[in-house]
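Engineer: Okay, here's the structure, questions in a sec.
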């Protein structure tokens, strides 16, 4: 079983819709959770971090964490074509960082 | 957050040669990593660069092929030795900031002919 799993997609949503990206992790001891955005040919860029159960909002982005279900999600409201990228979920478990394989998102104008 | 730079940003190299990639951080950091990302693939951790000691390599990566230096807490180099076309990839350094969050450098795009 992989440490972090994501649906590879591709996920397509129309402009203005909500994009929902999901991630599960295997280690219940994991404490820190991150979402990175990676545009084609660029390096990953941190967009959200979350440490506690519940929701964390930052602009159009909301990260949701459910430790009991070992589940992290990222919601992007009012999706824009500029949100088209690959989104990587990452988990910090005792100073070991594990990355998912990424979900490719396309926002259709 | 930490500001990370990498040199070179891209290079085209001949088979059998070596390339050294530099990673510079604007603040002292304890943990630095080197990753490879092949086209269309996710990140693969090559090694943890340890200050003052030998790097810790992941399975499938060896020091003879990917020697790493970490002379201080703000700088590291990764050398890709005896290159083949299979080494064509993006090489990324990353740092852990304040013990929690990992930030990536801009990457080095390597093409081996």
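Just so it is clear, none of the values below were taken in a lab; they were calculated from the coordinates. Not measured: the values here are computed from a predicted model. Here the Cβ positions follow ideal geometry from the backbone for every residue, glycine too, while neighbour counts run over all protein chains shown.
Engineer: Can you give me the number of residues within the stretch A:64-85 that are touching a strand residue (DSSP E or B) at 6+ places or on another chain (Cβ under 7 Å) and in contact (Cβ under 8 Å) with a residue 60 or more places away in the chain?
Structural biologist: 4
Engineer: If you don't mind, another one. Could you pull out every one of the strands (runs of 3 or more DSSP E) wholly within chain A that has 3 or more residues that are within 11 Å of chain B (Cβ to nearest Cβ)?
Structural biologist: In chain A, the matching strands (runs of 3 or more DSSP E) lie at A:32-38, A:45-50, A:85-93, A:96-99.
Engineer: Inside the stretch A:33-50, can you point out the residues that are under 16 Å from residue A:98 (Cβ atoms) and either within 10 Å of the chain's Cα centre (by Cα) or surrounded by fewer than 18 Cβ atoms within 10 Å (Cβ to Cβ) (or both)?
Structural biologist: The answer is A:33, A:34, A:35, A:36, A:46, A:49.
Engineer: Scan the stretch B:8-24 residue by residue and report those that are within 14 Å of chain A (Cβ to nearest Cβ), more than 9 Å from the chain's Cα centre (by Cα) and in a strand (DSSP E or B).
Structural biologist: B:10
Engineer: For residues that are within 15 Å of residue B:78 (Cβ to Cβ) and either part of a strand (DSSP E or B) or more than 10 Å from every other protein chain (Cβ to nearest Cβ) (or both), tally how many sit in the stretch B:25-43.
Structural biologist: Within the stretch B:25-43, residues that are within 15 Å of residue B:78 (Cβ to Cβ) and either part of a strand (DSSP E or B) or more than 10 Å from every other protein chain (Cβ to nearest Cβ) (or both) number 7.
Engineer: Residues in the stretch B:82-108 that are surrounded by fewer than 16 Cβ atoms within 10 Å (Cβ to Cβ) and either away from chain A (no Cβ under 14 Å) or in a strand (DSSP E or B) (or both): how many?
Structural biologist: 4
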